[in-house]
2 protein chains.
Amino acid sequence: MLEDKNPQLTPISTYGEFGLIKHLTENFSFKNTSTEISIGDDAAVINPENKKIVVSTDILAEGVHFNLGYVPLKHLGYKAVVVNISDIAAMNAIPTQILVSLAVSNRFPVEALEEIYAGIALACKHYKVDLVGGDTTSSNSGLVMSITAIGMEDSENIVKRSGAKPNDLLVVTGDLGGAYLGLQILEREHAVYLANPDMQPEMEGYDYILERQLKPEARTDIKKTLNELGVKPTSMIDISDGLSSEILHLSDQSKVGFRLYEEKIPMDSLTISTADELNLNPAMCAMNGGEDFELLFTIAPEDFEKIRNHPDFSIIGHAVELEHGNYLVARGSNELIALNAQGWDAFLKK
Amino acid sequence: MLEDKNPQLTPISTYGEFGLIKHLTENFSFKNTSTEISIGDDAAVINPENKKIVVSTDILAEGVHFNLGYVPLKHLGYKAVVVNISDIAAMNAIPTQILVSLAVSNRFPVEALEEIYAGIALACKHYKVDLVGGDTTSSNSGLVMSITAIGMEDSENIVKRSGAKPNDLLVVTGDLGGAYLGLQILEREHAVYLANPDMQPEMEGYDYILERQLKPEARTDIKKTLNELGVKPTSMIDISDGLSSEILHLSDQSKVGFRLYEEKIPMDSLTISTADELNLNPAMCAMNGGEDFELLFTIAPEDFEKIRNHPDFSIIGHAVELEHGNYLVARGSNELIALNAQGWDAFLKK
């Protein structure tokens, strides 16, 4: 991390609050016709273009959600945007604008904020969203980022958590558990480094899971894919806290139970081998690890043929009546194990 | 402040992240037909009802924007909402929804968060806005609140910072400087208390300025008043950082200069007497103090008769050509003093 020990670095107070925002955001361009007024007024003005507005916010705190000992600031900026855009994708809406607020201690030089904003700019470009507002302030310690994402969609296309019916199929995109195991590798190597700063970190061969942790992507592509397949999910959520707790959210909102088949949970071979190396159960990493930012959704049984064998999707279970509860069906034994919300919880982690 | 020393207080971890949000927000009701989906899904869904969406965000950090040594948590929650709603009012839009994110250290018990949310609920009720989303997480130290406010308005009614023309009149609502002097009294009495906890704080007689600091209000009423008078401002901003820097913002965005008449700046008699008591120049408190959350706007010269002598408004100056610059015209001497942005700046304050 960039610490303000170098006399060539620029203290934040050089700019002041207004100058700083201007400096950090002056190179952002706009991609959406819905962005009418952006940074520079009391508020941004957005033209809904006859659609509904979808809005979500997430707050990330240093030492809780990220460790600047091993997370590059540019990646942090990128990921903070992804986390929020993923929520918009989970409503089956199209992300269009973000607002970024930072509380940052004076130990950070301007160059550190420039790195964060470089990551934010990259994410804005990749996801075609406009940065339209925000606030930057000092804090007594550490870095806190709060991002609000705005998206748009027609009413009839918005997918909530609450539409699943018994017998609907439970589907997930991509593969799971990688982000969690990437974090374990980062924490292991960081601990080694702290114990002996001359040791070289052993990151080689872990590329995929490190990228899953450090530079995740939101599945904004899935909306188009499902549309082309003629499938509208009956309920949907993104996987930020772990498969298990997300299933329980769908259950809670849709008033159904779920059966999840352990053997169906999609995992990359590197995820499985790293779990083995660290003596962790790979399925548990997928169930409780979180931060994969894949989409979890249900579809009507009659849509089964449309998505079976599609490389983006895995059918991992199905909905049952609410009173039959939420259970993992264990590999081999078919034993039923109750699902619980051991997902990533910011208040329990510390 | 409520510190977690009392065994009857509830640690945040009792609830966990999801349970906590549910617990804190379960008693919020909704007032706006535009709120279609609220807390409980990946994102909120808002129906723009054929209007433009106006959105703004502010972040408040403990030790920078507030001192929990003397700011009651309920007031903090109320004020955090007001700060954001004031930005929506400054666009001449109607506030409709807010999202609230908190990063909070584990030293805060659930009861402390309940107090903050009681203040948020009071503000939501008073301003008829719906709490539709947010995020709550732990932090390594202190409390950081980030609020995003959403409002709506027809395009033709939205007022930007950029519409002022030379000869337009500069108008401000209410009176200025009170919030800053209230803060000085709170800080003085807090210092006395820290030096000798047996001393009674001397707050009596300072009610108005203490309320200006601790429980400010956003001028959402002004929109209706101006409408009734048949006046549409040509530019507008709210006074969060001080009259001086807000004038410079209007100047910057509208490409005009301003003349501000010191003798016209509206101040309450308690503000003036407290400034005298503390050996401060009252006008400087109004110019640079900030946090009054009054509205500053310009009107066309032909609207002069419509608002002169109206109790809500003071005409404090006028716009000139940009090249004539921004100056305070001093009381008595008519000396021109260049306006500068010595407004409240979170990065310089520490």
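The values are calculated or read from the model by the stated rules, or taken from the named source; none is laboratory data. Just so you know, these numbers come straight off a predicted model, no measurement behind them. So basically every Cβ, Gly included, is an ideal-geometry build from the backbone, and we count neighbours across all protein chains shown.
For the stretch A:24-93, which strands (runs of 3 or more DSSP E) that fit wholly inside it have 1 or more residues that are without any contact (Cβ under 8 Å) to a residue 40 or more places away in the chain and farther than 22 Å from A:V144 by Cα?
Ranges flagged: A:35-37, A:44-46.
Taking into account only those residues within the stretch A:225-243 that are modelled with pLDDT of 95 or more and among the small types (G, A, S), which is surrounded by the most Cβ atoms within 10 Å (Cβ to Cβ)?
The residue in question is A:S235.
Of all residues in the stretch B:188-216, which are of a type in the set (S, T, N, Q) and either over 17 Å from B:P282 (Cβ atoms) or touching a Cys at 6+ places or on another chain (Cβ under 7 Å) (or both)?
The answer is B:N196, B:Q200.
Please give the number of the condition A:D87 fails out of (1) surrounded by fewer than 24 Cβ atoms within 10 Å (Cβ to Cβ); (2) modelled with pLDDT of 90 or more; (3) facing another protein chain (nearest Cβ under 9 Å).
Condition not satisfied by A:D87: (1).
If a residue must be within 11 Å of another protein chain (Cβ to nearest Cβ) and either touching a Pro at 6+ places or on another chain (Cβ under 9 Å) or among the basic types (K, R) (or both), how many such residues does the stretch B:54-78 contain?
Here the count works out to 1.
Could you pull out the residue among B:V159, B:V172 that is surrounded by 24 or more Cβ atoms within 10 Å (Cβ to Cβ), over 16 Å from the mean Cα position of the chain (by Cα) and in contact (Cβ under 8 Å) with a residue 12 or more places away in the chain?
Of the residues listed, the single one that is surrounded by 24 or more Cβ atoms within 10 Å (Cβ to Cβ), over 16 Å from the mean Cα position of the chain (by Cα) and in contact (Cβ under 8 Å) with a residue 12 or more places away in the chain is B:V159.
Can you pull out every residue in the stretch A:145-193 that is touching a Phe, Trp or Tyr at 6+ places or on another chain (Cβ under 8 Å) and polar (S, T, N, Q)?
Answer for the stretch A:145-193, where residues must be touching a Phe, Trp or Tyr at 6+ places or on another chain (Cβ under 8 Å) and polar (S, T, N, Q): just A:T173.
Considering only residues of the stretch B:139-149 that are crowded, with 24+ Cβ neighbours inside 10 Å and at the interface with another protein chain (Cβ under 7 Å from one of its Cβ atoms), which is farthest from B:E217 (Cα to Cα)?
Step by step, filter the stretch B:139-149, then rank; the result is B:S139.
Filtering the stretch B:307-333 down to residues that are among the polar types (S, T, N, Q) and assigned to a loop (DSSP other than H, G, I, E, B), which residue is surrounded by the fewest Cβ atoms within 10 Å (Cβ to Cβ)?
B:N309
Return only the number of the condition from (1) surrounded by fewer than 18 Cβ atoms within 10 Å (Cβ to Cβ); (2) modelled with pLDDT under 95; (3) under 19 Å from the mean Cα position of the chain (by Cα) that A:D221 does not satisfy.
Failed condition: (2).
Looking at B:L122, B:L210 in this structure, which one is in contact with a helix residue (DSSP H, G or I) (Cβ under 9 Å, 6 or more places away or on another chain) and closer than 24 Å to B:T25 by Cβ?
The unique qualifying residue is B:L122.
Name the single residue that is farthest from A:S141 (Cα to Cα) among those in the stretch B:95-134 being of a type outside the set (A, V, I, L, M, F, W, C), buried (at least 24 other Cβ atoms within 10 Å of the Cβ) and facing chain A (nearest Cβ under 9 Å).
B:Q97
Kindly provide the set of residues from the stretch B:288-306 that are modelled with pLDDT of 95 or more and in a helix (DSSP H, G or I), ordered by number.
Residues satisfying the conditions are B:P301, B:E302, B:D303, B:F304, B:E305, B:K306.
May I ask you to verify whether A:A286 is closer than 18 Å to A:N340 by Cβ, in contact (Cβ under 8 Å) with a residue 40 or more places away in the chain and surrounded by 23 or more Cβ atoms within 10 Å (Cβ to Cβ)?
Judged against the criteria, A:A286 is a match.
Hey, can you tell me all the residues within the stretch B:177-207 that are touching a helix residue (DSSP H, G or I) at 6+ places or on another chain (Cβ under 8 Å) and β-branched (V, I, T)?
Listed by number, the list holds a single entry, B:I185.
Do the conditions hold for B:N140, that is, is it over 20 Å from B:K215 (Cα atoms) and touching a residue at least 60 places away in the same chain (Cβ under 8 Å)?
no
Right, A:I209: over 30 Å from A:N227 (Cβ atoms), buried (at least 24 other Cβ atoms within 10 Å of the Cβ) and away from chain B (no Cβ under 14 Å) or not?
yes
Can you tell me which residues in the stretch B:104-125 are out of contact with any Asp or Glu (no Cβ under 6 Å at 6 or more places or on another chain) and either of a type in the set (D, E, K, R) or free of Cβ contacts under 8 Å to residues at least 40 places away in the same chain (or both)?
If the condition is that a residue be out of contact with any Asp or Glu (no Cβ under 6 Å at 6 or more places or on another chain) and either of a type in the set (D, E, K, R) or free of Cβ contacts under 8 Å to residues at least 40 places away in the same chain (or both), then B:S105, B:E111, B:E114, B:E115, B:K125 are the ones that fit.
What is the residue count in the stretch A:219-244 for residues that are among the acidic types (D, E) and more than 13 Å from chain B (Cβ to nearest Cβ)?
The qualifying residues number 2.
Could you figure out which of (1) without any contact (Cβ under 8 Å) to a residue 60 or more places away in the chain; (2) assigned to a loop (DSSP other than H, G, I, E, B) isn't true of A:S101?
Single failed check for A:S101: (2).
Restricting attention to the stretch B:1-12, which residues are within 14 Å of another protein chain (Cβ to nearest Cβ), surrounded by fewer than 18 Cβ atoms within 10 Å (Cβ to Cβ) and either modelled with pLDDT of 80 or more or not in a loop (DSSP other than H, G, I, E, B) (or both)?
B:T10, B:P11
Checking B:G40 against (1) at the interface with another protein chain (Cβ under 8 Å from one of its Cβ atoms); (2) under 30 Å from B:D154 (Cβ atoms); (3) at pLDDT below 90: exactly one of these is not met. Which one?
Going through (1) at the interface with another protein chain (Cβ under 8 Å from one of its Cβ atoms); (2) under 30 Å from B:D154 (Cβ atoms); (3) at pLDDT below 90 one by one, B:G40 breaks only (2).
Determine which member of the set A:T274, A:T298 is touching a His at 6+ places or on another chain (Cβ under 9 Å), at negative phi, surrounded by 14 or more Cβ atoms within 10 Å (Cβ to Cβ) and not small (G, A, S).
So the residue among A:T274, A:T298 that is touching a His at 6+ places or on another chain (Cβ under 9 Å), at negative phi, surrounded by 14 or more Cβ atoms within 10 Å (Cβ to Cβ) and not small (G, A, S) is A:T298.
Residue by residue through the stretch B:205-255, note down the ones that are of a type in the set (A, V, I, L, M) and either assigned to a helix (DSSP H, G or I) or farther than 30 Å from B:E321 by Cβ (or both).
B:I209, B:L210, B:L214, B:A218, B:I222, B:L226, B:L229, B:L243, B:I247, B:L248, B:L250
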